[in-house]
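Shown next, in structure tokens, is the structure this report addresses.
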Amino acid sequence: MTSRSTTTPMRGRWARVGALATSLALVGTAALTSAASAAPAPAALPAAATVTGGESAINGYRNVGYFAQWGVYGRDFKLKQLDTSGAANKLTAINYSFANIHPTTGKCFIANKAVTDGPNGADGAGDAWADYGMTYTAANSVAGVADTWDQPLAGSFNQMKQLKAKHPQIRPMISIGGWTFSKYFSKAAATDAGRKTLVSSCIDLYIKGNIPVIDGRGGQGAAADIFDGIDIDWEWPGTNNGLEGNIVDPVNDKANFKLLLKEFRTQLDALTTTTGKKYLLSAYLPANSEDIKGGGWNDPEIWNYLDYGNLQGYDLHGAWDPALTGHQGNVYKDPKDTREAKRQFSIDAALTEYTSAGVKASQIGLGLAMYGRGWKGVKQAEPWGTATGAAPGTWEPGNEDYDKLKNLGTGYYDANIIASWRYDGDKWWTFDDNKSVTAKADYIRAKGLGGGMWWDLSGNKDGELINTLMGKLGTGAKGPVTAGANPTPTATATATATATATATATATATATATQTSNPGTCNAAWSASTAYSGGAKVTHNGRNYSAKWWTQGNEPGTSGAPWNDLGACGTSSPSATATTSPSATATTTATPTQTTNPGTCSAPVWTASGQYAGGTTVSYAGHNWSAKWWTTGEQPGATQWGPWKDLGSC
């Protein structure tokens with residue numbers, strides 16, 4: 001993981017290493033002609049036309065939550081959990097994080113390529129598998145319908161579509177950049193042509209939904225009508241306070257950043273004239289004065305292009321200062337803070353830099369944390385004490401989810417600065433809890449802010465903190481945000497979507513796969529050593545099976561195996577009838593399901609050359625292991641933070 005600067009507050013939103021999918025060919029969007037990439041001037045809609053979309057609000061307030069792409073792996077946090085917990089009813093936007101920028105084309109792109117260590121480790125990285133490749137069951141799907149192997153859109157994108165159909169006040173946004181993927185913003189924004197290329201590619205990919213075909217999923221328009229806007233997470237224009245290796249132009253970034261936002265606004269508005277739908281543009285706002293000035297974030301002109309922004313209200317301090325405890329999300333400066341004056345950060349000081357420059361408070365949301373930052377070897381409960389280093393965390397040292405911190409040790413709260421923390425006699429954690437969130441809700445009202453924002457939704461799975469915030473903002477006097485009309489979904493997003501990307505005929509969720517043998521006739525016998533593509537037919541133990549996706553060594557009929565049971569053969573007919581004849585089959589290169597039970601060493605032996613998707617089970621060194629995400633060459637048990645979950649001895 002990346003070390004933190006000691007001179008600037010940084011956010012913990014970079015955790016991409018190891019959490020990405022198969023290392024396949026990098027795929028971008030289709031090349032754009034110069035005519036296509038040039039944004040036309042927005043034309044007025046006909047007088048009778050009604051524009052839908054735009055802002056969403058609950059009692060006049062926004063409530064934005066970041067959904068981390070990699071959270072579907074080790075954290076096992078899927079969008080259905082927002083529905084079942086009730087949190088989805090209290091959200092106005094979900095920022096899907098993060099989209100990457102290609103190092104050579106300067107475009108938004110989607111690929112299956114893992115992040116690696118070093119300053120160039122994020123180049124070309126992406127996770128198409130999590131985005132729209134992963135198959136969902138009826139049990140973990142928002143719509144309660146299982147995905148089929150031949151539908152063009154699965155994964156979190158399809159789940160987002162289902163969530164949006166069920167909760168139409170939610171505006172899904174694609175977030176570009178973040179801590180790890182901000183490297184090429186400066187390069188892409190440096191010229192007018194570069195800005196037009198970046199913006200048009202992002203709109204084509206995420207707003208129009210023209211996603212590349214990868215492993216049999218995707219295609220033109222396959223992801224249309226999911227995202228209602230774009231969230232800019234450039235960390236940070238004009239300063240070197242971002243990730244090591246980021247391209248920075250201290251002289252020109254500020255001006256180019258403004259022009260980039262203008263280009264996004266121009267092209268999004270131009271699309272509105274075609275669709276009649278208002279598209280949103282938001283941004284993640286720095287709290288460090290150096291970063292605010294370096295990027296011109298408080299220039300009132302850029303707020304003519306942004307609908308709103310969300311202020312970094314966390315990561316004001318952390319274990320990148322390993323020997324000093326302190327608050328990460330305090331609203332006001334702490335007079336007990338022992339650091340030099342320029343490093344005594346606070347939310348109120350940061351907000352003042354925006355509002356005093358003329359930015360409307362109603363356009364700013366306050367960022368809140370669903371995680372904490374902590375230290376170990378701490379001898380006092382009061383803040384600004386000595387420590388011996390970062391406290392252990394589930395995903396990284398010095399970082400832990402709210403759900404795992406809320407009952408640790410003893411809780412403390414300082415009402416004067418609005419800050420909560422917990423201490424257990426050794427470990428000291430700064431975080432948001434119900435007390436601080438309640439007070440911050442009052443602060444949002446008092447300052448006339450537009451609402452709140454959360455990083456990230458997986459840290460509090462039952463929605464407790466969201467309930468606390470909206471219990472204050474969702475009732476009583478209305479806030480300053482005016483909501484637009486909710487667009488009518490073009491179709492309910494379920495697994496019955498038409499499969500046009502990989503088949504010549506329409507395939508629905510009621511179709512198993514093309515059956516090439518007569519009902520009751522046995523196929524070739526299944527073999528553990530044979531590799532089968534999606535749609536392949538075999539017979540095993542007197543029954544016919546059809547492969548849902550590529551598979552090898554996964555016995556038909558066992559729990560979790562990637563086979564559709566077509567029924568008994570030889571004497572009886574299959575239990576289901578196929579209705580389509582796809583012209584191509586899915587080519588997923590790894591089976592994303594667990595095929596053996598912990599305790600039995602019957603799982604395939606791990607090999608360094610193997611490619612394993614999230615959920616795959618292997619045996620190694622007398623233990624069974626389950627892959628948290630796609631991995632290759634990473635030995636099970638080698639590191640605490642590795643991609644393998646130990647299922648126990650076998």
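The values are calculated or read from the model by the stated rules, or taken from the named source; none is laboratory data. All of these numbers come straight from a predicted model, not from anything done at the bench. No Cβ is skipped: glycine too gets one built from the backbone with ideal geometry, and neighbour counts run over all protein chains shown.
In a residue-by-residue description of the stretch 388-396, the property of being at pLDDT 95 or above, farther than 23 Å from GLY459 by Cα, surrounded by fewer than 16 Cβ atoms within 10 Å (Cβ to Cβ) and in contact with a strand residue (DSSP E or B) (Cβ under 8 Å, 6 or more places away or on another chain) applies to at least one position. For the stretch 129-143, a residue qualifies if it is part of a helix (DSSP H, G or I) and either over 20 Å from ASN210 (Cβ atoms) or small (Gly, Ala, Ser) (or both), and the qualifying residues are ALA130, GLY133.
When the stretch 233-242 is filtered for residues that are surrounded by fewer than 21 Cβ atoms within 10 Å (Cβ to Cβ) and either more than 19 Å from ASN298 (Cβ to Cβ) or of a type in the set (A, V, I, L, M, F, W, C) (or both), only ASN240 remains.
Inside the stretch 548-579, can you point out the residues that are assigned to a strand (DSSP E or B) and at pLDDT 70 or above?
Of everything in the stretch 548-579, those that are assigned to a strand (DSSP E or B) and at pLDDT 70 or above turn out to be TRP563, ASN564, ASP565, LEU566, GLY567, ALA568.
Listed by position, the strands (runs of 3 or more DSSP E) enclosed by the stretch 600-650 that each have at least 1 residues that are of a type in the set (Asp, Glu) and at pLDDT below 80 are 644-649.
Considering only residues in the stretch 294-310 that are touching a residue at least 60 places away in the same chain (Cβ under 8 Å) and over 13 Å from LYS262 (Cα atoms), the one that is surrounded by the fewest Cβ atoms within 10 Å (Cβ to Cβ) turns out to be ASN298.
Being touching a Gly at 6+ places or on another chain (Cβ under 7 Å) and modelled with pLDDT of 95 or more is the filter; apply it to the stretch 148-178 and report the residue that is surrounded by the most Cβ atoms within 10 Å (Cβ to Cβ). Result: ARG171.
Is it the case that some residue within the stretch 158-170 is under 17 Å from LEU261 (Cα atoms) and under 22 Å from the mean Cα position of the chain (by Cα)?
no
Scanning the stretch 421-457 for residues that are part of a helix (DSSP H, G or I) and within 30 Å of THR386 (Cα to Cα) yields ASN434, LYS435, SER436, VAL437, THR438, ALA439, LYS440. Look at (1) within 21 Å of GLY365 (Cβ to Cβ); (2) part of a loop (DSSP other than H, G, I, E, B) and you find that LYS333 fails only one, number (1). Looking at (1) more than 24 Å from PHE67 (Cβ to Cβ); (2) surrounded by fewer than 20 Cβ atoms within 10 Å (Cβ to Cβ); (3) β-branched (Val, Ile, Thr), which is the only condition ILE417 fails? Status for ILE417: all satisfied but (2).
Restricting the stretch 405-439 to residues that are β-branched (Val, Ile, Thr) and touching a helix residue (DSSP H, G or I) at 6+ places or on another chain (Cβ under 8 Å), the residue that is nearest to GLY367 (Cα to Cα) is VAL437.
Taken together, the criteria place SER346 among residues that are touching an Asp or Glu at 6+ places or on another chain (Cβ under 9 Å), modelled with pLDDT of 95 or more, of a type in the set (Ser, Thr, Tyr) and buried (at least 22 other Cβ atoms within 10 Å of the Cβ).
Looking for whichever is over 23 Å from SER156 (Cβ atoms) and either basic (Lys, Arg) or at pLDDT 95 or above (or both) here; the options are ILE58, ILE110, ILE94, ILE101. Which one fits?
On the way: ILE110 fails: over 23 Å from SER156 (Cβ atoms); ILE94 fails: over 23 Å from SER156 (Cβ atoms); ILE101 fails: over 23 Å from SER156 (Cβ atoms).
Checking each option against the conditions leaves just ILE58.
Within the stretch 255-295, the residues that satisfy the criterion of being in contact with a helix residue (DSSP H, G or I) (Cβ under 7 Å, 6 or more places away or on another chain) and polar (S, T, N, Q) are ASN256, GLN267, SER289. Of all residues in the stretch 350-361, those that are at positive phi have Cβ atoms under 8 Å from Cβ atoms of residues that are in a helix (DSSP H, G or I), 6 or more apart or on another chain, in GLY358/PRO300. If I filter the stretch 159-173 for residues that are farther than 30 Å from ASN564 by Cβ and free of Cβ contacts under 8 Å to residues at least 12 places away in the same chain, do I get at least one hit? The answer is no; no qualifying residue exists.
Yes or no, residue by residue, for (1) in the same structural domain as TYR66 (by TED's automatic domain parsing); (2) outside any strand (DSSP E or B); (3) within 18 Å of the chain's Cα centre (by Cα); (4) among the hydroxyl-bearing types (Ser, Thr, Tyr):
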residue: ASP204; (1), (2), (3), (4): yes, yes, no, no
residue: ILE226; (1), (2), (3), (4): yes, yes, yes, no
residue: ILE232; (1), (2), (3), (4): yes, no, yes, no
residue: GLU235; (1), (2), (3), (4): yes, yes, yes, no
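Condition check ((1) assigned to a loop (DSSP other than H, G, I, E, B); (2) of a type in the set (Ser, Thr, Tyr)) across all residues:
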| residue | (1), (2) |
| --- | --- |
| TRP297 | yes, no |
| GLU301 | no, no |
| ASP315 | yes, no |
| THR338 | yes, yes |
| GLY358 | yes, no |
| VAL378 | yes, no |
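The residues on offer are LEU469, LEU465, and the sole one that is in a helix (DSSP H, G or I), closer than 22 Å to GLY409 by Cα and under 23 Å from the mean Cα position of the chain (by Cα) is LEU465.
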